[in-house]
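Read the structure below first, then the notes.
The values are calculated or read from the model by the stated rules, or taken from the named source; none is laboratory data. Just so it is clear, the model here is predicted, and its values are computed rather than measured. We place every Cβ from the backbone using ideal geometry, glycine too, and count neighbours over all the protein chains shown. The area values use the complete protein model at the heavy-atom level, side chains included, leaving out ligands, DNA and RNA. Shrake-Rupley method; radii C 1.70, N 1.55, O 1.52, S 1.80 Å.
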There are 2 protein chains.
Amino acid sequence: MPTITIGDYLLTRLKELGIQHIFGVVGDYNLGFLDQIINHAGLEWIGTCNELNGAYASDGYARIKGAGALVTTFGVGELSAMNGIAGAYAESVPVVNIVGTPATTTQKDKMLVHHTLGDGQFMTFAEMYKKVTQTQAFLNAENAAEEIDRALTSCWLYKKPVYIALPTDISYVSIEAAKKPLNLNYPASDPETIKKFIEHAAQIVEKATRPIVLIDLEAQRFPMQSFINDFLQRTGIPFAAMGMGKAIINESHHQFIGVYNGFSRQNVQKYVEQSDCVIAFGLLLSDFNTGGFTSKPNADVTIEIHGYFGRIQQVIYKKISFCDSIPALTKRLAKYQYQGEIVHPLKQKANTPRDIPIRQQWFWQQIASSIEKNTIVIAETGTSTFGTLQMSLPDEITYIAQMLWGSIGYTVGALLGVCVAAAQRPAVLFLGDGSLQVAAQEISTIIRHHLTPTLFLLDNAGYTIERIIHGATMPYQDIQHWNYTELPKIFGNTVWCMRVKTEKELVNALIERNKNKDKMVFITIVLDKMDIPETLSKLGKLMAQRNQYDSKQR
Amino acid sequence: MPTITIGDYLLTRLKELGIQHIFGVVGDYNLGFLDQIINHAGLEWIGTCNELNGAYASDGYARIKGAGALVTTFGVGELSAMNGIAGAYAESVPVVNIVGTPATTTQKDKMLVHHTLGDGQFMTFAEMYKKVTQTQAFLNAENAAEEIDRALTSCWLYKKPVYIALPTDISYVSIEAAKKPLNLNYPASDPETIKKFIEHAAQIVEKATRPIVLIDLEAQRFPMQSFINDFLQRTGIPFAAMGMGKAIINESHHQFIGVYNGFSRQNVQKYVEQSDCVIAFGLLLSDFNTGGFTSKPNADVTIEIHGYFGRIQQVIYKKISFCDSIPALTKRLAKYQYQGEIVHPLKQKANTPRDIPIRQQWFWQQIASSIEKNTIVIAETGTSTFGTLQMSLPDEITYIAQMLWGSIGYTVGALLGVCVAAAQRPAVLFLGDGSLQVAAQEISTIIRHHLTPTLFLLDNAGYTIERIIHGATMPYQDIQHWNYTELPKIFGNTVWCMRVKTEKELVNALIERNKNKDKMVFITIVLDKMDIPETLSKLGKLMAQRNQYDSKQR
């Protein structure tokens, strides 16, 4: 019978999830496994400057490829990655978090080794990870194959990170090779429940006069796109996107009415909120995603379709899979055809650039027209998220913004991840200076691997999103001003940098950028401290109210 | 009766611990509290580029000032700081970890807000922190004063980090002001136990012919220095320092024989291991601290004195405080006087510099002579720790190396912390390029506050400590080469940078450095990839053996 080392067994299984690159940081508890990665055909090691950025990179990679993997070392490494893995958990991103742990004998003998708390305990950090991973697997010579399969299947089916602890002495133990590939089929639906659900849903749709489809986060995580496209085509019902659902279905679609939250154009908001039937795919009503809870689709007429359950008027239908429920509803509505009017979003036009300082309102409109089809658009938490939400995007875009978890700095690592995952696609990142400073070193890894994204740095001298919420002129909002234009050149030569202050300078920079497509492009946009996208000031006030910072506000 | 806001109550209490600066990162769940910090007399806010570096800075600050404080925001912020707080826990550093959490009503209503996992749970991250903090306090309008006092007292007495959750709406609630200061007295000893312990210990000392004192980590955390100095003076017994106990007692002391581990000079090792009485203050027998478990003081003749307990020949004496036990033992031994010979460490001499590439063996010897009295010497995990351990240091040094937790990148944040804590003392950091890349941005905060440490960057093109352990030529050990000499200038003007390759260049740079004492000094030392301090190669082999990476090693 063919045998394989445990390390290679794990790597073979990772490849079955579509993983071709593994991110992480070297440590003495993972060196042996790193040898196996380097020597394994079809896999590439991408070392990151630190573990948090590595976690962000594996998250970005997973959003493109369907799964990602991170390798860190026990204690110091895995805890540094914690925030990144928690973000993946919150936003349903399947990342395999592999931690190299001390040798089995070291653990058994409770040795006082480095990277521990000095108490002879080796489960402490894994127990923390239980809170932010779907499944935890502790490999040994006997259980490795079974536990690896269990963890990876869980990661794939639940679209959540999983934790795998790999002791240094286990990687090279030989076990029986896998006889067949992982079973990655989504679970079958309960036939009775799905029948009831479809009938209930169809009756509401058929009675409605102003139905609307809402697209949200999970519609991308669970691969619902083709099912939803079929549904839209067959029913003719118009659709809007939630923030986290932006661009999952092409915005050029003739049934698209716009992005919906309480700050949307009046007709989008009215249409959704006055609808007598909301069909929502993967809905998540979190604060940022709803514009500070200003999105209020009518729960009494909402049909929710999630990965593995449905909900209608507070009745939950368990054990129905999206891959059954969406086609079944489409089929059931074969004779249905929406006949009403569809209000299309306004087409944004680029204006003639002037010799005046750039303001965000102009910037987001202008920059939208420079984005090509098939681009990966990444927006950092803060002004960039709200700026990009109002952009009209071309087709086949992947839009990435961490709107629930909202960890600043996320996008620098994520940019590395998406560029590694899809080096052939254009990638554009918008982020502020405060966020860049959190994670700046990972630009070095992007340059190291000759990746060619465009990074727009919004230099507004500090934490402008926080200024909008509270304490606009307080000194804690200010940061040290770096020479951002020279920074990327510290990391390597293959980068093209430019700093612009006026509309004309930006438009010229965009022309120059097109001559430098073989390099990373880094454009710094100088903006006023208090200049923000229009929608954000309303949201800032809502946030401040909810936080009740001081007695005056209560 | 005088009242005070809860935020100001907390700040007043922090000042009682000697805290004058608070580190951290802005977030919308802590903005109101930050206003209070800015407006509170006698406190300064030091914003860091990211939370992990902020945690490291508060740890470094606490090692100098006796306590430190960190403020982060819920979820994203606190989890980013996790590795830093865990390090403080492992190495017994008292850091007050204050987390701004969502408003009480937001939590009560289980709202789906940003920085949560989207599950309406608000205790998840605090539960993780239970593993790495001594005490957790969740403030509300009723319990705030009591809980703050409980947490801060615990932080002070146990020398461990504590966790304080401060909801946004609680900071400005008025409560009764404190009537008296915190009781920070170390707990009284049990009179019977201490009597027995002292008698047991004294008998062993009096019988011994070759007694030796060992100084370790806790002798600095619990302020044992003056008690130990008295003990040494009165008894005349020679002493050695463990790695983590280096320089706690002046190395010029006429009873000092050297740093002890299995790689010490032969006579130090022999003296300790053949001793018939080891009096150990704050001993921690962890792997790095013992040179890979090569330090083997004889447990059968060891008297251990810890913060709150003693141990003799495996008998544990609980409830005895160091501030009672050390003076009592000194007094009990009033008539005792060690009469034996004392072997003094070799005096290191700087050699005439040559026009040849710098090698580590030469470097550490040379650089030792450039370190002034009263300097704070910080050594990053890796070659720097083992290089500095063999240096002879002048008096009144604080030596900082994270030898148990061993998180690379720690020292960049810690350098910020120690410089803020003691701007008037010279500070010198030694770190490698791999470690710098983890946390490089925090150099910006050092420059921002016009602090003037000297940083020696050991540029050996990657993770040399890992190369020594395993996989010397593997590509995962290599990192992107940055233009290190230009990097600090990106962050600000008040920095003096130099890159040196030869012995002569280094000696010249040290002369130039003395003309730039009003600035941060950043000297890059170019070294060979495989050049290491002598002791480290032995340790690397021991580590590799214990980790049992592959079948050949098993």
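Within segment B:454-483, residues that are more than 10 Å from chain A (Cβ to nearest Cβ) and among the small types (Gly, Ala, Ser) sit with their Cβ atoms under 8 Å from residues that are part of a loop (DSSP other than H, G, I, E, B) and surrounded by fewer than 20 Cβ atoms within 10 Å (Cβ to Cβ), at 6+ positions apart or across chains, in these pairs: B:Ala461/B:Asp478; B:Ala461/B:His481; B:Ala461/B:Lys529; B:Ala472/B:Met530. I need the full set of residues from segment A:137-169 which are assigned to a loop (DSSP other than H, G, I, E, B) and out of contact with any Phe, Trp or Tyr (no Cβ under 9 Å at 6 or more places or on another chain), in order please. Matches in segment A:137-169: A:Leu139, A:Asn140, A:Ala141, A:Glu142, A:Asn143. Could you tell me whether B:Leu416 is open to solvent by less than 50 Å² (accessible area, probe 1.4 Å), under 26 Å from B:Arg467 (Cα atoms) and of a type in the set (A, V, I, L, M, F, W, C)? No, not satisfied. When A:Leu112 is tested against (1) of a type in the set (A, V, I, L, M); (2) open to solvent by 30 Å² or more (accessible area, probe 1.4 Å); (3) more than 8 Å from every other protein chain (Cβ to nearest Cβ), just one condition goes unmet, and that condition is (3). Picking from residues in segment B:115-128 that are polar (S, T, N, Q) and in a loop (DSSP other than H, G, I, E, B), the one that is farthest from the other protein chains (Cβ to nearest Cβ) is B:Gln121.
Quick check: is even one residue across segment A:420-430 buried (at least 24 other Cβ atoms within 10 Å of the Cβ), in a helix (DSSP H, G or I) and touching a strand residue (DSSP E or B) at 6+ places or on another chain (Cβ under 9 Å)? Within segment A:420-430, one or more residues are buried (at least 24 other Cβ atoms within 10 Å of the Cβ), in a helix (DSSP H, G or I) and touching a strand residue (DSSP E or B) at 6+ places or on another chain (Cβ under 9 Å).
Residues in segment A:436-453 that are open to solvent by 10 Å² or more (accessible area, probe 1.4 Å) and more than 7 Å from chain B (Cβ to nearest Cβ): A:His449, A:His450, A:Leu451, A:Thr452.
Listed here are the residues, each with its yes/no results for (1) in contact (Cβ under 8 Å) with a residue 60 or more places away in the chain; (2) open to solvent by less than 10 Å² (accessible area, probe 1.4 Å).
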position	(1), (2)
B:Gly87	yes, yes
B:Val95	yes, yes
B:Leu117	no, no
B:Glu127	no, no
B:Ala137	no, yes
B:Tyr163	yes, yes
B:Ser174	yes, no
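Of all residues in segment A:4-15, those that are without any contact (Cβ under 8 Å) to a residue 60 or more places away in the chain have Cβ atoms under 9 Å from Cβ atoms of residues that are part of a helix (DSSP H, G or I) and among the aromatic types (Phe, Trp, Tyr), 6 or more apart or on another chain, in A:Leu11/A:Phe33. For B:Gly75, the stated conditions hold: it is within 11 Å of chain A (Cβ to nearest Cβ), buried (at least 24 other Cβ atoms within 10 Å of the Cβ) and on the phi > 0 side of the Ramachandran plot. The residues of segment B:39-71 that are touching a Gly at 6+ places or on another chain (Cβ under 7 Å), open to solvent by less than 10 Å² (accessible area, probe 1.4 Å) and at the interface with chain A (Cβ under 10 Å from one of its Cβ atoms), listed by number, are B:Thr48, B:Asn53, B:Val71. Residue-level check: of (1) in contact with a strand residue (DSSP E or B) (Cβ under 9 Å, 6 or more places away or on another chain); (2) open to solvent by 20 Å² or more (accessible area, probe 1.4 Å); (3) not hydroxyl-bearing (Ser, Thr, Tyr), B:Leu17 misses just (2). Residue check: A:Leu182 meets all listed conditions (1) more than 22 Å from A:Asp35 (Cβ to Cβ); (2) in a loop (DSSP other than H, G, I, E, B); (3) open to solvent by 30 Å² or more (accessible area, probe 1.4 Å) but one, namely (3).
Out of the residues in segment B:380-430 meeting the condition of being free of Cβ contacts under 8 Å to residues at least 60 places away in the same chain and within 14 Å of chain A (Cβ to nearest Cβ), tell me which one is farthest from B:Thr535 (Cα to Cα). Here the residue is B:Ile408.
Residue-by-condition table, conditions (1) more than 25 Å from the chain's Cα centre (by Cα); (2) closer than 30 Å to A:Ile511 by Cβ:
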{"residue": "A:Gly292", "(1), (2)": "no, no"}
{"residue": "A:Ile303", "(1), (2)": "no, no"}
{"residue": "A:Gly310", "(1), (2)": "no, no"}
{"residue": "A:Ser321", "(1), (2)": "no, no"}
{"residue": "A:Ala334", "(1), (2)": "yes, no"}
{"residue": "A:Ile371", "(1), (2)": "no, yes"}
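Does segment A:129-136 include one or more residues that are assigned to a helix (DSSP H, G or I) and within 11 Å of chain B (Cβ to nearest Cβ)? Yes, there is a match, as at least one residue in segment A:129-136 is assigned to a helix (DSSP H, G or I) and within 11 Å of chain B (Cβ to nearest Cβ).
In contact (Cβ under 8 Å) with a residue 40 or more places away in the chain and open to solvent by 50 Å² or more (accessible area, probe 1.4 Å): does that describe B:Asp190? Judged against the criteria, B:Asp190 is a match. Within segment A:200-216, restricting attention to residues that are open to solvent by 70 Å² or more (accessible area, probe 1.4 Å) and outside any loop (DSSP other than H, G, I, E, B), the residue that is nearest to A:Glu147 (Cα to Cα) is A:Gln203.
Of all residues in segment B:517-543, those satisfying the criterion of being within 13 Å of chain A (Cβ to nearest Cβ) and open to solvent by 10 Å² or more (accessible area, probe 1.4 Å) are B:Lys541, B:Leu542.
Selection over segment A:309-326 of residues that are of a type outside the set (A, V, I, L, M) and open to solvent by 50 Å² or more (accessible area, probe 1.4 Å) gives a count of 7. Does A:Leu10 fit the bill of being open to solvent by less than 10 Å² (accessible area, probe 1.4 Å), over 18 Å from the mean Cα position of the chain (by Cα) and more than 9 Å from chain B (Cβ to nearest Cβ)? When the stated conditions are applied, A:Leu10 passes them. Looking across segment B:78-109 at every residue that is touching a Pro at 6+ places or on another chain (Cβ under 8 Å) and closer than 25 Å to B:Phe222 by Cα, the one that is farthest from the other protein chains (Cβ to nearest Cβ) is identified as B:Val96. Can you pull out the residues in segment A:84-115 that are more than 14 Å from the chain's Cα centre (by Cα) and either of a type in the set (S, T, N, Q) or closer than 24 Å to B:Gly75 by Cβ (or both)? A:Val96, A:Asn97, A:Ile98, A:Val99, A:Thr101, A:Thr104, A:Thr105, A:Thr106, A:Gln107, listed by residue number. Within segment B:325-342, the set of residues being touching a residue at least 24 places away in the same chain (Cβ under 8 Å) and out of contact with any Gly (no Cβ under 8 Å at 6 or more places or on another chain) comprises B:Ile326, B:Pro327, B:Ala328, B:Leu329, B:Thr330, B:Arg332, B:Leu333, B:Ala334, B:Tyr336, B:Gly340, B:Ile342.
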